[in-house]
Each structure stands twice: as structure tokens, then as C-alpha cells.
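Engineer: Questions regarding the structure given below will be posed in turn.
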Amino acid sequence: MSAEIPVEQFDPLAGGSIAAIREGLVRTRAGACPVPHIGPGLAFVPRHGTVLTALRAVDQLSNHGNFTVESDDGDALLPEMITQADPPAHTALRALLRPAFARRVIVDAEPWISAGAHELVDRFPAGGPVDLIDEFALPLTSRVISRLVGVPPEDTAELTRLCLVITSMLPARFLGTDAWRRLEQYFTEAGRERRSSAEPPDDLLTLLARGEVDGRALTDQEIAFHAWQLFVAGLETTAYTIGTTVHQLLDDRSRWTELLAGRTDLDNTREEGLRFASAIRFVVRSVASPLDLEGQPLQVGDRVVVGLESANLDEDVFGPDAHSFDPHRAGARRHVSFGHGIHLCLGAELARTEISTALGVLLDRLPGLRLAPGAAVEEIESPMFCGPKHLPVIW
């Protein structure tokens with residue numbers, strides 16, 4: 001362990017290197033208090049079982065305001081987005097969007113996801129080097145979510161850039177920023193076009209613009225917020241998971257060689273990547289009614305930081321080597337990277353398909369893939385997201 005930080009002083013919101021954060025999480029999970037306070041009215045849930053309990057407590061822990069821990073975060077201005085809504089609004093919104101993520105839709109998407117991955121590899125220079133994040137993982141996920149949402153290819157790069165500006169700010173507030181104003185304007189205008197079109201395309205923007213929730217049409221603002229949240233949710237986290245999984249396979253290249261020899265472990269490798277990567281480190285809940293969480297009293301108005309990354313590294317669930325990457329790990333799928341309960345990510349199976357497809361294409365096309373000699377893998381700078389900012393590779 002590096003610098004000794006008392007458990008009660010560890011702040012999972014402060015950011016830092018992956019190693020430093022995960023050392024702090026180890027100490028916090030091992031502490032006597034299962035739900036330590038990390039600030040006034042702010043509690044942290046670090047253990048797997050307690051995280052599941054918190055995510056199930058939808059009547060006591062509100063999903064509203066889960067983008068930020070700031071008390072004055074401007075959430076009163078937000079419409080009821082599915083990522084921040086509670087039942088019954090959440091139930092109605094999920095019912096509207098669920099058909100777009102049905103199993104048949106994901107199965108039908110796999111061929112064109114694969115074609116997109118092959119096209120990106122076609123652009124690689126012979127032998128490399130390439131940055132697997134900037135030139136493969138992020139372009140792939142942005143193409144996929146753009147097609148599903150209904151963003152034309154010529155607009156994808158700029159919308160991706162604006163979304164990355166916003167996610168780099170979280171968990172601080174983002175409303176009122178130039179990036180947000182431009183995104184809101186773009187999706188508002190796109191929603192209006194879908195409403196006025198005689199033959200709108202079959203995409204999520206059309207579903208939002210033409211659909212109803214509890215018998216009413218969505219407002220322009222609701223359409224813009226929903227379209228943005230769907231776009232950003234399918235963008236960064238899946239790309240980081242692809243990057244982290246490939247990094248771990250190449251860091252000990254025997255893992256890559258073994259996967260080349262037998263693809264039967266591809267699904268479990270993907271799940272271990274999702275567990276180990278923990279692309280979203282935490283979500284935030286607000287206490288709506290008093291409750292005791294593992295014996296710790298929480299009062300109305302308190303905020304609860306639910307540690308998804310910490311739960312995914314819990315030694316009591318995933319074993320004493322939980323901080324290592326093991327493609328054969330039994331029970332890897334018990335991770336909570338997609339959340340749990342009624343707020344389980346709608347796009348979970350889409351993300352799984354993208355990760356598996358990306359890995360399969362790289363194995364097929366670049367069997368000699370390896371980390372570029374002497375190249376450091378740079379981490380993104382975010383307290384909320386985890387993953388490699390750059391991943392230089394050759395083959």
C-alpha cells in the first residue's frame with residue numbers, strides 16, 4: 001500500500017490515479033463502518049452486498065440528481081429523464097424506450113457493428129502504431145450510438161466531443177455550459193424535425209418525438225434531454241471497457257494468446273472486463289425517507305454515493321485476487337457495472353455485443369496485437385469515470 005490515509009478521510013470523489021483510488025477502496029471496505037460518511041450529509045457505500053441493497057431501495061433512495069453530489073445542482077430545471085427518474089415516471093419512460101433495446105434489435109445490429117469495427121481496422125497503418133481508444137474503441141461506440149439515436153455520420157464527431165466535455169466535468173454541474181447549450185439545441189432541433197417529417201427514420205429520436213408517456217407527447221426539452229442521455233450513455237463507458245479489457249489481455253500477453261487459441265472464453269473475458277474496468281465508478285442517490293443502511297442512519301436530504309467500482313472489487317465476493325484481471329474468474333457476471341434492479345442499464349446487452357464484437361474483430365484481424373514498446377497507458381482524468389485515455393498498440 002502507498003500513503004496511509006485513514007479510512008474516514010478517504011474521499012472517492014477526489015479522483016486520482018486508479019492505483020491510489022483502489023487502495024483507498026480496499027481500506028474503506030475493510031473498515032468497521034459499512035456506510036462511512038465522507039462529508040456532511042454525504043455517505044459512501046463501498047461493499048457489494050450493501051450496494052445491491054442501496055440500488056434496490058428505490059422507495060427510500062431517490063434516483064433524482066444522480067449526476068452530481070452538489071446540493072445546488074440545478075436539477076429543478078431537469079425534466080424527468082430515465083436516468084434520474086423514480087417510479088412511476090421511470091416505469092413509463094422505460095416502457096417507451098425498451099423496444100429500441102429489445103433482444104432482436106441487438107441481434108440485428110451485430111452485423112453492422114462488426115462491419116464498422118472491420119472498417120476502422122482497415123484504416124490502420126500496417127503494423128501500427130495506433131491509439132486503440134481514439135482510432136478504434138471510441139469511434140466504434142460513437143458510430144453505434146449515433147446510428148441508434150439517429151445522428152448523421154457528419155455530426156457524430158462534434159457531438160462526441162461535446163459529450164466528452166460534459167462527462168469530464170461530472171460530478172460537478174454541467175447545465176448552463178456552452179457544451180450543454182449546443183447539445184440541447186442540436187437535439188431539440190432534431191426532435192422537431194422528426195415530428196414534422198412525413199416519413200421519419202426508424203431511430204430513437206423518432207421514438208421520442210412521436211411516442212407518448214402516460215398518454216402525453218414529450219416536450220421539446222424532454223426529447224433533447226432523453227436523446228442526449230441515450231447518446232452519452234452509449235458512448236464513453238463502453239469504449240473504456242473495450243480499452244481496459246484489451247489492455248489487460250496484452251499486459252500479460254499469455255491471456256491474448258490463450259483467447260486466440262480458444263474463443264469459448266470470450267464471453268467470460270468480456271464480463272471480467274466489465275467487472276475489472278468499472279467504467280462508471282459510482283452513482284449518486286438522495287435520501288427521500290429516513291432509513292438505516294447496514295445499521296447506519298441516513299436522513300432525508302442526505303446524499304449517498306453508491307460505489308459500483310468498489311463493489312466490483314469486493315474481495316468477499318470476487319476473491320482475494322479481486323484487484324487482478326482473470327479471464328477465467330468464476331462469477332465475474334456478478335458485477336454491478338450496469339447497475340441493478342429497476343435501474344439496470346437499458347443498453348446492457350448492446351454494450352455486451354459491442355465489446356464482444358470489438359474483441360472478436362481484433363482477434364481475427366490483428367492476432368499479433370501487442371502494447372507499443374515503452375508507451376505509457378494514460379488514464380482519463382475523472383473522479384466518476386475509469387479507463388485508458390490512450391492505448392498505443394502495434395502488431
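Engineer: Just checking, how many residues over region 193-233 are of a type in the set (Gly, Ala, Ser) and within 15 Å of Trp180 (Cβ to Cβ)? Give the steps one after another, and end with the answer.
Structural biologist: The initial filter retains those residues of region 193-233 that are of a type in the set (Gly, Ala, Ser), namely 196-198, 209, 211, 215, 217, 224, 227, 233.
Pick out the ones that are also within 15 Å of Trp180 (Cβ to Cβ) and you get 224, 227.
Total satisfying the criteria: 2.
Engineer: Quick test of your reading of the structure: Ala209 fulfils all but one of (1) among the small types (Gly, Ala, Ser); (2) surrounded by fewer than 19 Cβ atoms within 10 Å (Cβ to Cβ); (3) within 26 Å of the chain's Cα centre (by Cα). Name the failing condition by number.
Structural biologist: Evaluating Ala209 over (1) among the small types (Gly, Ala, Ser); (2) surrounded by fewer than 19 Cβ atoms within 10 Å (Cβ to Cβ); (3) within 26 Å of the chain's Cα centre (by Cα) leaves (2) as the failure.
Engineer: Test each condition in (1) open to solvent by 40 Å² or more (accessible area, probe 1.4 Å); (2) over 20 Å from the mean Cα position of the chain (by Cα) for Ile280 and report the one that comes out false.
Structural biologist: Unmet for Ile280, out of (1) open to solvent by 40 Å² or more (accessible area, probe 1.4 Å); (2) over 20 Å from the mean Cα position of the chain (by Cα): (2).
Engineer: Would you be able to tell me the number of residues in region 39-48 that are touching a residue at least 24 places away in the same chain (Cβ under 8 Å) and open to solvent by 40 Å² or more (accessible area, probe 1.4 Å)? Show your work before the answer.
Structural biologist: From region 39-48, those touching a residue at least 24 places away in the same chain (Cβ under 8 Å) are 39, 41-48; that's our starting set.
Retained after the next criterion (residues that are open to solvent by 40 Å² or more (accessible area, probe 1.4 Å)): 47.
Within region 39-48, residues that are touching a residue at least 24 places away in the same chain (Cβ under 8 Å) and open to solvent by 40 Å² or more (accessible area, probe 1.4 Å) number 1.
Engineer: Moving on. Can you name the number of the only condition in (1) open to solvent by 50 Å² or more (accessible area, probe 1.4 Å); (2) closer than 22 Å to Gln248 by Cβ; (3) assigned to a loop (DSSP other than H, G, I, E, B); (4) not aromatic (Phe, Trp, Tyr) that Val300 fails?
Structural biologist: The failed condition is (2).
Engineer: Further question on the same structure: Which pairs turn up if I take residues in region 220-232 that are in contact (Cβ under 8 Å) with a residue 60 or more places away in the chain and at negative phi and look for partners that are crowded, with 24+ Cβ neighbours inside 10 Å and of a type in the set (Phe, Trp, Tyr) with beta carbon separation below 6 Å, at least 6 apart in sequence or on another chain?
Structural biologist: Ala227/Phe187; Trp228/Phe187
Engineer: Moving on. I'd like the residue in region 283-297 that is in a strand (DSSP E or B) and charged (D, E, K, R) and, out of all such residues, is most open to solvent (accessible area, probe 1.4 Å).
Structural biologist: First, the residues of region 283-297 that are in a strand (DSSP E or B): 283-287, 291-293, 296-297.
With the extra rule that they be charged (D, E, K, R), the set shrinks to 285, 292.
Numbers: Arg285: 15, Asp292: 106 Å².
Only one residue fits best here, namely Asp292.
Engineer: In this structure, is Arg147 open to solvent by 20 Å² or more (accessible area, probe 1.4 Å), closer than 19 Å to Tyr240 by Cβ and assigned to a helix (DSSP H, G or I)?
Structural biologist: Details: open to solvent by 20 Å² or more (accessible area, probe 1.4 Å): yes; closer than 19 Å to Tyr240 by Cβ: no; assigned to a helix (DSSP H, G or I): yes.
So Arg147 does not fit the description; no.
Engineer: At pLDDT below 95, assigned to a loop (DSSP other than H, G, I, E, B), small (Gly, Ala, Ser) and within 25 Å of Phe231 (Cβ to Cβ) - does that describe any residue in region 26-37?
Structural biologist: No, every residue in region 26-37 fails to be at pLDDT below 95, assigned to a loop (DSSP other than H, G, I, E, B), small (Gly, Ala, Ser) and within 25 Å of Phe231 (Cβ to Cβ).
Engineer: Output yes when any residue across region 255-271 is within 15 Å of the chain's Cα centre (by Cα), more than 20 Å from Leu359 (Cα to Cα) and open to solvent by less than 30 Å² (accessible area, probe 1.4 Å), and no when none is.
Structural biologist: To start, the set of residues in region 255-271 that are within 15 Å of the chain's Cα centre (by Cα) comprises 270-271.
Of the ones still in play, those that are also more than 20 Å from Leu359 (Cα to Cα) are none.
Scanning region 255-271 turns up no residue that is within 15 Å of the chain's Cα centre (by Cα), more than 20 Å from Leu359 (Cα to Cα) and open to solvent by less than 30 Å² (accessible area, probe 1.4 Å).
Engineer: Right, another one. Can you tell me which condition Ala322 does not meet? The list is (1) surrounded by fewer than 15 Cβ atoms within 10 Å (Cβ to Cβ); (2) free of Cβ contacts under 8 Å to residues at least 12 places away in the same chain; (3) over 13 Å from the mean Cα position of the chain (by Cα), and all the others hold.
Structural biologist: Of (1) surrounded by fewer than 15 Cβ atoms within 10 Å (Cβ to Cβ); (2) free of Cβ contacts under 8 Å to residues at least 12 places away in the same chain; (3) over 13 Å from the mean Cα position of the chain (by Cα), only one is false for Ala322: (1).
Engineer: I've got another one for you. Can Leu162 be described as touching a Lys or Arg at 6+ places or on another chain (Cβ under 7 Å), part of a helix (DSSP H, G or I) and not aromatic (Phe, Trp, Tyr)? If you could, list the steps in order and put the result at the bottom.
Structural biologist: On the way: touching a Lys or Arg at 6+ places or on another chain (Cβ under 7 Å): yes; part of a helix (DSSP H, G or I): yes; not aromatic (Phe, Trp, Tyr): yes.
So Leu162 fits the description; yes.
Engineer: Pairs needed: first member in region 342-368, open to solvent by less than 10 Å² (accessible area, probe 1.4 Å); second member anywhere, basic (Lys, Arg); C-beta distance under 7 Å; at least 6 residues apart or different chains.
Structural biologist: Ile355/Arg270; Leu359/Arg270
Engineer: Going through region 375-392 one residue at a time, which ones are part of a loop (DSSP other than H, G, I, E, B) and of a type in the set (D, E, K, R)?
Structural biologist: Looking only at region 375-392, we keep the residues that are part of a loop (DSSP other than H, G, I, E, B), and these are 375-378, 380-384, 386-387, 389-391.
Residues satisfying the conditions are Glu378, Glu381, Lys389.
Engineer: Further question on the same structure: Regarding region 356-374, can at least one residue be identified that is in a loop (DSSP other than H, G, I, E, B) and at pLDDT below 95? Steps first, please.
Structural biologist: Quick first cut of region 356-374, residues in a loop (DSSP other than H, G, I, E, B) only: 366-369, 372-374.
With at pLDDT below 95 added as a condition, the list becomes 373-374.
Yes, there is a match, as at least one residue in region 356-374 is in a loop (DSSP other than H, G, I, E, B) and at pLDDT below 95.
Engineer: Output the qualifying pairs, or none if there are none: Cβ atoms under 8 angstrom, residues six or more apart or on different chains, first residue in region 109-121 and under 17 Å from Leu132 (Cβ atoms) and of a type in the set (Gly, Ala, Ser), second residue open to solvent by 60 Å² or more (accessible area, probe 1.4 Å) and modelled with pLDDT of 95 or more.
Structural biologist: Listed by first residue and then by second, the contacts come to Gly116/Arg143.
Engineer: Those residues that are open to solvent by 60 Å² or more (accessible area, probe 1.4 Å), within 25 Å of Asn66 (Cα to Cα) and not in a loop (DSSP other than H, G, I, E, B), I need them from region 170-206; list them, please.
Structural biologist: Taking region 170-206 as the starting set, the residues that turn out to be open to solvent by 60 Å² or more (accessible area, probe 1.4 Å) are 173, 178, 181-182, 185, 189, 192-193, 195-196, 198-199, 201-202.
Narrowing the set further to residues that are within 25 Å of Asn66 (Cα to Cα) leaves 173, 178, 181-182, 185.
Selection gives Asp178, Arg181, Arg182, Gln185.
Engineer: Something else now. Test of understanding: among Thr156, Thr241, which residue is surrounded by fewer than 20 Cβ atoms within 10 Å (Cβ to Cβ), among the hydroxyl-bearing types (Ser, Thr, Tyr) and not in a loop (DSSP other than H, G, I, E, B)?
Structural biologist: Working: Thr241 fails: surrounded by fewer than 20 Cβ atoms within 10 Å (Cβ to Cβ).
Every option except Thr156 fails the conditions.
The values are calculated or read from the model by the stated rules, or taken from the named source; none is laboratory data. Everything numeric in this text was worked out from a predicted model, so none of it was measured. Cβ coordinates were reconstructed from backbone atoms using ideal geometry, including for glycine residues, and neighbour counts include every protein chain displayed. Note: accessible area is taken over every heavy atom of the protein model, side chains too, but ligands, DNA and RNA are not part of it. Shrake-Rupley method; radii C 1.70, N 1.55, O 1.52, S 1.80 Å.
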